[in-house]
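Colleague: Please find one structure pasted underneath; my questions will follow.
The values are calculated or read from the model by the stated rules, or taken from the named source; none is laboratory data. Values in this document were obtained by computation on a predicted structure and should not be read as measured data. Ideal geometry is used to build each Cβ from the backbone, glycine not excepted, and the neighbour counts take in all protein chains shown. Accessible surface areas use protein heavy atoms only, side chains included; no ligands, DNA or RNA. Shrake-Rupley method; radii C 1.70, N 1.55, O 1.52, S 1.80 Å.
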Amino acid sequence: MKQYINRRTVGMFLVVFLCLALLSGTIVTMSYMNSMEQERLDYLELLQNETGEVFDHLEQPLSEGVVDGYSVFSSTWYKHYQNIAGIYNNEFNAIKRSDIHQELSRIAGTRKLIEDFVLVMPEKQQVIVSRSGWFTPEMYKLVYDTIGIDSSAGLTVTPVITVNDPNYCALVLPDSTVRKYKNVLVLLINKDTFTRETKRYLHENAVWVKAELDGQVLVDPGCEAPSDCILMSRSGSASKFTLTIGYKTYEQAMAGGARALYMLLMGTAAVVSLLFALLITMMFLRPMNRMIRQLGGKEQDLEDPYRFIYEYVGSFSSRSEQLNEENAELLSSRSRLLSMLRNEIVLKILTGENTDFGADYIHSSFPWLSQKGYFLLAACRNSFSGQRSEKLTASDLCAECDNSCFAHIGQELWMLLRFESEEKLLSGRKELQEKMRKMPNLISAAFEDPAEAHGIYLEMGQALKELSEQWLRLPVLTQSRLVSLARTNKREELCQVIAEISENYNLESVFWLLTRLSWECGQDDMAIAQRYHIVQDTGTREDLVKLLQDYAVSLCTHLSAGRPVRANDNSEEIIRYIDENFRDAMLSVNQLADQFGIHRTLISKMVKSATGETFSDYVTNLRMAEAEKLLREGVRPIAVVGEKVGIPNYSTFKRSFQKAFGESPKEWLENQ
């Protein structure tokens, strides 16, 4: 164990311990906070319930006393006594009065928090009835003087009741029946009795209490509520009773135990993290340390085992890499040698007049040449599908053939293909024509003897050369359009045209056109030419299109920077007018001269200076481009196309179209 302890082990142990401690501490803290929050909510709910229970215990006898008080106003004896006519006066003798105050005494005795019911009737007799008997105001004041009665406003006005004894509170109930004389019933409540009863029901966490009855302090706390306590209040509308209790906060009442538990859990989490960190460190490092020692590592190698392993494995990987490179080089050399041999054999077949197809070297490489079948000789030049021709094989161009061999001669790919049947040959020929339509190509007629390939090769060689030269030439209309767009600095349209040309013509023809235009304006294009040949060898067709577009944009910049600016030059406006109205068959130099008030000779010079073309050539090129667009969109018949582009005479339209595209409109449609 001791032999594996080093700075790296200690460092890893500390990292693992800190991570585990942080994780466990976070879990414990989150659990503690969630528990505290839930306990706090439960504590608040408990306080609300406790306040409600205390309020119910205190408010119930008060509410019942109010009900009993109002029952006095509805009693028979009270109604008889209040009779203004005095019909029932004889009933209220000493015995009857004794029964009445005894009834009030009984009612008051059943309400433990109400000490007395005092009925004040300030009519002519000035009577006060309580549980102790019937009194006049003077006698009541002399004997009890608990309340003060002010009837100075008149007997028809409710008397004002005041409490003279500070130990009592009074709840005044007025007679709600409409009578001539206004009477009231006063419920007297002893503050000390009510305070003792209140404290008997208080929760142990209550620290402050205050009760009020109709605005009078019934339970006096003697001070303001502590600022850090929780206040809970309840009120009763019927009894006009309000109870407010202040409780200890959750932190004061219960959080101490929770904090102790939290500290205990944190300590436990730290101990568990320590043990797990030790276990994980040993489980992770011990096997590696053993491996280092078994591989011959020293004590210092344990400090940085990955460096030791890297160097140890590197010594083997470098040797393995060296062997792989040598093996790959041998395989590459073998592949190149075989390719060269096969290429030489095919060259021998094509260029040799008297080839012995029974020779061992031919039979071992291409045994199918001695078998019966149908043969085709095909050739193509330049790029195809973004690849250089040197990278193409016969299988890339024809999957229908049963056997094939090919040879690269310069930039030309020559293929000798064999088919088992005539049906396969016809299908393969269509496939070749479709795949090679975007490059200069020739396909021979079918033949059955491979010895005929030499003569066919000689016939096709010169024809492929002439076809390739023609392939590099763009149609006159397309060349004129490119030059015009470059001279008028229409960069976006120029880039779009180059992208369209790339779909139907060889990109090298566009490169040579831009190069000739660059030479004419004196721009140095050596760097772009070098980049073009690099991309042509290593890049894709999309890379070549992007390079040509950049070349065209730089050429536009050069041309626009070198063009002189003259005052009152209306050439841009004239060109814009031509671009918008070239479909008008009446468009002419004379019309432009009348339109702009400029001599026709000057009009022609402006068009030539702005576009590099004469007025006639520029308009014709615009019309032919529009005609090509309409034909591709399916507009028929051809005479209608001529009318739409501003050449209503079909013969003139056909002649202009053939000059621009090298074929008549009908032939052009057939070749699409």
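Let's see how each residue does on (1) modelled with pLDDT of 85 or more; (2) closer than 22 Å to PHE92 by Cβ:
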| site | (1), (2) |
| --- | --- |
| GLU138 | no, yes |
| LEU142 | no, no |
| GLY154 | no, no |
| THR158 | no, no |
| ILE161 | yes, no |
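Colleague: Right, another one. Might you let me know whether region 520-538 holds any residue that is part of a helix (DSSP H, G or I), under 27 Å from VAL607 (Cβ atoms), open to solvent by 30 Å² or more (accessible area, probe 1.4 Å) and at pLDDT 80 or above?
Modeller: no
Colleague: Moving on. Counting only residues that are assigned to a helix (DSSP H, G or I), hydroxyl-bearing (Ser, Thr, Tyr) and more than 16 Å from GLU412 (Cα to Cα), which one in region 340-373 is most open to solvent (accessible area, probe 1.4 Å)?
Modeller: Per the stated criteria, the residue is TYR361.
Colleague: Within region 210-227, is even one residue touching a Cys at 6+ places or on another chain (Cβ under 9 Å), assigned to a loop (DSSP other than H, G, I, E, B) and surrounded by fewer than 20 Cβ atoms within 10 Å (Cβ to Cβ)?
Modeller: Scanning region 210-227, I find at least one residue that is touching a Cys at 6+ places or on another chain (Cβ under 9 Å), assigned to a loop (DSSP other than H, G, I, E, B) and surrounded by fewer than 20 Cβ atoms within 10 Å (Cβ to Cβ), so the answer is yes.
Colleague: I need the full set of residues from region 228-242 which are small (Gly, Ala, Ser) and either surrounded by fewer than 13 Cβ atoms within 10 Å (Cβ to Cβ) or over 60 Å from the mean Cα position of the chain (by Cα) (or both), in order please.
Modeller: Listed by number, the residues that qualify are SER233, SER237, ALA238, SER239.
Colleague: Read through the list (1) under 30 Å from GLU204 (Cα atoms); (2) open to solvent by 80 Å² or more (accessible area, probe 1.4 Å); (3) touching a strand residue (DSSP E or B) at 6+ places or on another chain (Cβ under 8 Å), then give the number of the only condition that HIS57 fails.
Modeller: For HIS57, the failing item is (3).
Colleague: Let me ask another. Could you list, in sequence order, the residues of region 319-364 that are of a type in the set (Ser, Thr, Tyr) and touching a residue at least 40 places away in the same chain (Cβ under 8 Å)?
Modeller: The answer is THR351, THR355.
Colleague: Within region 19-33, does at least one residue satisfy the condition of being surrounded by 12 or more Cβ atoms within 10 Å (Cβ to Cβ) and more than 30 Å from ALA260 (Cβ to Cβ)?
Modeller: No, there is no match, as no residue in region 19-33 is surrounded by 12 or more Cβ atoms within 10 Å (Cβ to Cβ) and more than 30 Å from ALA260 (Cβ to Cβ).
Colleague: Follow-up question, since we're still on this one. Just checking, does region 130-140 include any residue being hydrophobic (A, V, I, L, M, F, W, C) and within 17 Å of LEU213 (Cα to Cα)?
Modeller: no
Colleague: Please go through region 198-209 and give me each residue that is farther than 21 Å from LEU188 by Cβ and either β-branched (Val, Ile, Thr) or surrounded by 20 or more Cβ atoms within 10 Å (Cβ to Cβ) (or both), ordered by number.
Modeller: Matches in region 198-209: ASN205, ALA206, VAL207, VAL209.
Colleague: If you don't mind, another one. Failed condition for LEU113, given (1) under 25 Å from VAL178 (Cβ atoms); (2) modelled with pLDDT under 85; (3) open to solvent by less than 20 Å² (accessible area, probe 1.4 Å), with all others met?
Modeller: Looking at each condition in turn, LEU113 falls short on (1).
Colleague: Name the residues in region 75-89 that are open to solvent by 30 Å² or more (accessible area, probe 1.4 Å), assigned to a loop (DSSP other than H, G, I, E, B) and over 14 Å from LYS180 (Cα atoms), would you?
Modeller: Answer for region 75-89, where residues must be open to solvent by 30 Å² or more (accessible area, probe 1.4 Å), assigned to a loop (DSSP other than H, G, I, E, B) and over 14 Å from LYS180 (Cα atoms): ILE87, TYR88.
Colleague: For region 159-197, enumerate the residues that are assigned to a loop (DSSP other than H, G, I, E, B), surrounded by fewer than 17 Cβ atoms within 10 Å (Cβ to Cβ) and of a type in the set (S, T, N, Q).
Modeller: ASN164, ASN167, SER176, THR177
Colleague: Same structure again: Looking only at residues in region 211-256 that are polar (S, T, N, Q) and in contact (Cβ under 8 Å) with a residue 60 or more places away in the chain, which one is farthest from GLY65 (Cα to Cα)?
Modeller: In this case the residue turns out to be SER233.
Colleague: Now a separate question. For ILE107, indicate whether it is part of a helix (DSSP H, G or I) and either hydroxyl-bearing (Ser, Thr, Tyr) or in contact with an Asp or Glu (Cβ under 7 Å, 6 or more places away or on another chain) (or both).
Modeller: The answer is yes for ILE107.
Colleague: Within region 133-158, how many residues are of a type in the set (A, V, I, L, M), assigned to a loop (DSSP other than H, G, I, E, B) and exposed (fewer than 15 other Cβ atoms within 10 Å of the Cβ)?
Modeller: Looking only at that region, the number is 2.
Colleague: Tell me yes or no: at least one residue of region 42-57 is over 26 Å from VAL172 (Cα atoms), touching a Phe, Trp or Tyr at 6+ places or on another chain (Cβ under 6 Å) and either modelled with pLDDT under 85 or in a helix (DSSP H, G or I) (or both).
Modeller: Within region 42-57, one or more residues are over 26 Å from VAL172 (Cα atoms), touching a Phe, Trp or Tyr at 6+ places or on another chain (Cβ under 6 Å) and either modelled with pLDDT under 85 or in a helix (DSSP H, G or I) (or both).
Colleague: Give LEU392, LEU417, LEU376 a once-over and let me know the one that is open to solvent by less than 30 Å² (accessible area, probe 1.4 Å), modelled with pLDDT under 85 and in contact with a Phe, Trp or Tyr (Cβ under 8 Å, 6 or more places away or on another chain).
Modeller: Matching residue, one of LEU392, LEU417, LEU376: LEU392.
Colleague: Turning to a different aspect of this structure: So which residues in region 35-54 are aliphatic (A, V, I, L, M) and open to solvent by 40 Å² or more (accessible area, probe 1.4 Å)?
Modeller: LEU41, LEU44, LEU46
Colleague: Every residue in region 242-288 that is at pLDDT below 90 and not in a helix (DSSP H, G or I), please.
Modeller: Answer for region 242-288, where residues must be at pLDDT below 90 and not in a helix (DSSP H, G or I): LYS248, THR249, MET254.
Colleague: Out of everything in region 496-518 that is over 44 Å from the mean Cα position of the chain (by Cα) and among the charged types (D, E, K, R), what residue ends up being surrounded by the fewest Cβ atoms within 10 Å (Cβ to Cβ)?
Modeller: Ranking the candidates gives ARG516 first.
Colleague: Among the residues of region 127-156, count how many are without any contact (Cβ under 8 Å) to a residue 24 or more places away in the chain and not acidic (Asp, Glu).
Modeller: Here the count works out to 15.
Colleague: Something else now. As an exercise: evaluate ILE245 against (1) hydrophobic (A, V, I, L, M, F, W, C); (2) open to solvent by 50 Å² or more (accessible area, probe 1.4 Å); (3) touching a strand residue (DSSP E or B) at 6+ places or on another chain (Cβ under 8 Å) and give the number of the one condition it does not meet.
Modeller: Just one mismatch for ILE245, condition (2).
Colleague: How many of the residues in region 484-494 are open to solvent by 30 Å² or more (accessible area, probe 1.4 Å) and at pLDDT 80 or above?
Modeller: Here the count works out to 4.
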